[in-house]
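The values are calculated or read from the model by the stated rules, or taken from the named source; none is laboratory data. Just so it is clear, the model here is predicted, and its values are computed rather than measured. Every residue, glycine among them, receives a Cβ derived from its backbone with ideal geometry; neighbour counts consider all protein chains shown. In case anyone asks, the SASA skips ligands and DNA or RNA and just uses the protein heavy atoms, side chains included. Shrake-Rupley method; radii C 1.70, N 1.55, O 1.52, S 1.80 Å.
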Amino acid sequence: MKINGFDYQRVPVADGVSLQTAVAGTGSPIVLLHGFPETHLMWRHVAADLAADHTVLVPDLRGYGDSDKPAEASADTYSKRTMAADVVALAKAFGHDRFALAGHDRGALVAIRAGLDHPDTVTHLASLDVLPTLESWDVLRGVHGAVGWHLYLMAQPAGLPEKMIAAVADEFYGSFLDQWAGNSDAIPEDVRAEYLRASAAATPSIVADYRATAGIDVAHDTVDRDAGHRLAMPVTVLQQDWGAALGFDAEGIWSRWAADLDHRTTSAGHFMAEEAPAEVVKAIRELLAR
């Protein structure tokens, strides 16, 4: 499936890795990064709106959708640092040395790392419905950890998680589409089927992505937090009110990472770019005006 009005290209971003990318529009560039268990299609409404006055690049992340899925040769293969470098290389391939970046879920973790590693490249950053990696692990303790049970499953050594998920792939990936959606009608059956197809085909690389978030990503983020590094660009966070639900100060957590922060909560479910695209577009446009 494709986003209407967008052209598609496979763009080399690293040795042996190309990203399937939808592109449209003219004007200042913005890159949109999808979450789990989705593909670039989750941005179909938002991307079409932004393309009216921006150059919009919408890739499938390394290991997802129709992008390349290298084997997990080391912890670095699916580190957010590596995936962020993919995004910088992608934008540069289109002639953009500076660009805005918006990410949802897994894509937001890549966006955060890109902002930390490439502060002179990422001009604005929007994060949809995540906390930074370290704080995610900090708040998912005790019974609250059940909310993120899949994080613990996919953190296990290679082999068993992949086999378990592959045995019930549609049920596994479909459970998140069912449980996390505030409005299931926002994900039509044909789009849902595409998400399930793409995710089942990418199980080893999806698990590798999550495994990195329990390992090397924690190490990278710890170095930055201990050094007091912060996101230098304007940041907008749009998320469900997980702080109230799980008992933590989400805005306070984010303020430690971002000096110029606009933190917002939404009544939409996790898949807010599909459930409330107008709200997401408004937040991104107001971010880009800062």
Exercise for review: Can you send over the carbon and sulfur percentage of the accessible area for the stretch 1-102, probe radius 1.4 Å, protein chains only?
Suggested key: 47
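Rounded to a whole number, what % of the accessible area of the stretch 193-290 do carbon and sulfur atoms account for, probe 1.4 Å?
Values: 2120 of 3860 Å².
Carbon-and-sulfur percentage of accessible area, whole number: 55.
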Point to revise | the stretch 65-116: Rg to Rh, with Rh as the Kirkwood radius over Cα pairs | key: 0.97
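Quick check: with the 1.4 Å probe, what order do Arg256, Arg290, Arg44 take by accessible area, largest first?
Descending accessible area places them as Arg256, Arg290, Arg44.
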Review point. What's the percent breakdown of Cα-Cα distances in the stretch 124-244 across 10 Å bins, shortest bin first?
Key: 11, 34, 38, 16, 1
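Can you give the extra length, in nm with one decimal, that the chain gains between Asn4 and Ala166 once fully stretched, where that is 0.36 nm per residue apart less the Cα-Cα distance? Intermediate values should be presented prior to the final figure.
Values: separation 162, 0.36 × 162 = 58.32 nm, distance 3.12 nm.
Stretched out fully, the Asn4 to Ala166 stretch lengthens by 55.2 nm.
How many lysine pairs are close in the chain, with Cα atoms under 24 Å apart and the two 8 or more places apart or on different chains?
Numbers: Lys2/Lys69; Lys2/Lys92; Lys2/Lys282; Lys69/Lys80; Lys69/Lys92; Lys69/Lys163; Lys80/Lys92; Lys80/Lys163.
Within the chain, the lysine pair count is 8.
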Practice item. Just grab the label-to-label distance for Asp241 and Glu189, each label 7 Å out from Cα along the Cβ direction, in nm (one decimal). Key: 3.6
**Study point:** the chain: antiparallel DSSP beta bridges as a percent of all, rounded to 5
**Key:** 35
Review point. Hey, rough spin-label estimate for Ala232 and Leu134, points 7 angstrom out along Cα→Cβ, what's it come to in nanometres?
Key: 2.0
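Over the chain, average the accessible area per residue using a 1.4 Å probe and give it in Å², no decimals.
Values: 11320 Å² over 290 residues.
Normalised by residue count, the accessible surface of the chain is 39 Å².
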Check your understanding: Of the labelled options (1) 56, 44, 43; (2) 58, 56, 35; (3) 46, 39, 39, which one gives Cα extents along the principal axes in Å as computed for this structure?
Key -> (3)
Revision key, fill the gap. Its Cα gyration tensor gives the stretch 215-257 an equivalent ellipsoid whose semi-axes in whole Å, largest first, are 21, 14, 9
Check your understanding: Alpha carbon centre of the stretch 127-200 versus the stretch 211-225: separation in Å?
Key -> 20
Check your understanding: Okay, which of the stretch 11-48 sit inside 13 Å, backbone N to the point 7 Å along the Cα-Cβ direction of Gln179?
Key -> 37
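Need the full-extension length gain, Trp149 to Phe94, defined as separation in residues times 0.36 nm minus the C-alpha distance. One decimal, nm. Don't skip to the answer; put the middle values down first.
Values: separation 55, 0.36 × 55 = 19.80 nm, distance 3.84 nm.
Stretched fully, the Trp149-Phe94 segment lengthens by 16.0 nm.
Multiply the residue separation of Gln156 and Thr222 by 0.36 nm, subtract the distance between their alpha-carbon atoms, and state the gained length in nm to one decimal. Intermediate values should be presented prior to the final figure.
Values: separation 66, 0.36 × 66 = 23.76 nm, distance 2.05 nm.
That pair, Gln156 and Thr222, stretches by 21.7 nm at full extension.
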